[in-house]
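The values are calculated or read from the model by the stated rules, or taken from the named source; none is laboratory data. All values derive from a computational prediction rather than experimental measurement. Every residue, glycine among them, receives a Cβ derived from its backbone with ideal geometry; neighbour counts consider all protein chains shown. With ligands, DNA and RNA removed, areas are computed over all heavy atoms of the protein, side chains included. Shrake-Rupley method; radii C 1.70, N 1.55, O 1.52, S 1.80 Å.
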Amino acid sequence: MNILDIIAKKRDKNELTKEEIEYFVKGYTEGMITDYQASALVMAIYINGMNEREITDLTLAMAYSGDVLDLSSLGEVVDKHSTGGVGDKITLILMPIIASLGIPVAKMSGRGLGFTGGTIDKLESIPGYNTNVPVDKFIDNVKKVGISLIGQTLNLAPADKKLYSLRDTISCTESIPLIASSIMSKKIASGANKIVIDVTCGSGAFMKSIESAKELARVMTKIGELANKETKCIITDMNQPVGHSVGNILEVIEAIDILKGKYLPEDVKNIITELGSNMLILAGKANSIEEAKGKILENLSNGKGYDKFVQLVQNQGGDISYIENTDKFSKAKFILPIIADKTGIIDKLDALTIGKLSVYLGAGRMKKEDDIQKEVGFVFNKKVGDKVQKGETLGYVHANDERKANEVLGMPLYDIK
Ligand code: URA
């Protein structure tokens, strides 16, 4: 077997065998297959797709490319993952609430991908927070405080780690076989037996149409079934950014403010209650969706979710003085207002445009090795449906480069009708 034949086979729209998929995953993980060969095959998969059998084989090969954790000592672990979005800080808010309700949270998250943000980049905005911990420490952390959020730094699904960052830099993110195998391989490797997946849908998601979101959900549910993991997919809207902020530090601050009970944007409320209630039902901690939603909102408003977040950060080496006083986080050099150019109602705040501009400002990566700028991004005071007056401040651009900030302000960020 050789990689050139495998690339040619997929390029010519043929089905790959289990052995060919395993050969590729092993060869790429071990460095025998180069980035440029992997890029060619990934692009061929992106263009020509894979059938369900190929996707399952790819998922399992990636899941078993490294260690597979056994979390049975922790009890019923229900994991959560999102297919990605703009301003998506849901994990930071929801998972501490879930842990505060007595469900162990042992979650491996990802970095930013394409125009979407990543939980690990956000957590690493908290000085000292260590996303790279050994397996026994990861499990001990969950035993000690009920929650640990880490990056893909253990030897868990290393094939996905390499393919994920490769896809990010060759425009191969929006693909059902590649997303389904990426997410499900991580979930299988990280050991949870029940999974809730937020399948985002809209301009700021990888799935732009409801049909494609439903298909991705169907494929992931099927893989979960085959891997003996009960998987529930919830489709959520991603046409405008989630909440009010986009960018690593800015989103961490918003998550903390929400956990502190300062405010709760309607879209964040809907997503945390929708996903969280399904997690509670899967964990056997509630009998109905309504009861479960009530429990989520109760532990948000009584501060138990916030307390759990503080414990998480402290236990993971983070400096909690930043959580107690978010003014301590570093700020972008230029914070410039976005001004309404007319009176009316906001018709659009396009998540894709905002996601791409955030990457342009430095919040995401253009190349695999790029460093990100943690401070940059956007804060939006106004969202779709809000009434605005000409001259009113709609939000702010946070940038470290004044030219870029002005360039971004020159773009139609809001559509007012
Ligand atoms: N999240 C992942 O883990 N992988 C993807 O491909 C997309 C979102």
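Computed values, structure above
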{"read-out": "Segment Lys356-Thr17, length gained on full extension (0.36 nm per residue, minus Cα span)", "value": "118.4 nm"}
{"read-out": "Cα centroid separation, segment 140-179 to segment 192-264 (Å)", "value": "15"}
{"read-out": "Residue-normalised accessible area of the chain, expressed per residue, 1.4 Å probe, Å²", "value": "39"}
{"read-out": "Charge sum, other residues only, whose C-beta stays under 12 Å from Gly395's C-beta, Lys/Arg counted +1 and Asp/Glu -1", "value": "0"}
{"read-out": "Among beta bridges that DSSP assigns inside segment 81-237, antiparallel share in %, nearest 5", "value": "5"}
{"read-out": "Contact order relative to length of the chain, as percent, for alpha carbon pairs under 8 angstrom and 6 or more apart", "value": "19"}
{"read-out": "Gain upon complete extension [Lys387, Glu52; 0.36 nm per residue less C-alpha separation]", "value": "116.0 nm"}
{"read-out": "Cα-based Rg / Dmax (Å) for the chain", "value": "20.9, 66"}
{"read-out": "Accessible surface of segment 3-49, 1.4 Å probe, proportion on carbon and sulfur as whole %", "value": "55"}
{"read-out": "Amide hydrogen neighbours beyond the local backbone of Ser148, cut-off 5 Å, H modeled", "value": "Val105, Ala106, Lys107"}
{"read-out": "Rounded to whole Hz, the Karplus (6.51, -1.76, 1.60) HN-Hα couplings of segment 76-84, x for glycine and proline", "value": "7, 8, 10, 9, 9, 8, 10, 7, x"}
{"read-out": "Solvent exposure, largest accessible area first (probe 1.4 Å, DNA, RNA and ligands not counted), of Lys382, Lys143", "value": "Lys143, Lys382"}
{"read-out": "Thr34 - accessible surface, heavy atoms, 1.4 Å probe, Å² rounded to 10", "value": "40"}
{"read-out": "Accessible area (Å², 1.4 Å probe, nearest 10) - Cys233", "value": "30"}
{"read-out": "Cα gyration tensor shape for segment 3-49, rounded if a/c is under 1.5, else prolate or oblate", "value": "oblate"}
{"read-out": "Rounded to 5, percent antiparallel among DSSP beta bridges of the chain", "value": "50"}
{"read-out": "J(HN,Hα) series, segment 308-313, from Karplus relation 6.51 cos²θ - 1.76 cosθ + 1.60, nearest Hz, glycine and proline x", "value": "5, 5, 4, 4, 4, 5"}
{"read-out": "Ordering of 72-83, 283-294 by packing [mean C-beta count within 10 Å, highest first]", "value": "72-83, 283-294"}
{"read-out": "Fraction of accessible area attributable to carbon and sulfur, segment 74-129 (%, probe 1.4 Å)", "value": "47"}
{"read-out": "Per-residue SASA entry for Met32, accessible area with 1.4 Å probe, Å² rounded to 10", "value": "150"}
{"read-out": "Accessible-area order (highest first, 1.4 angstrom probe) of the listed residues Glu20, Glu392", "value": "Glu392, Glu20"}
{"read-out": "Within the accessible area of segment 162-293 (1.4 Å probe), percent carbon and sulfur", "value": "49"}
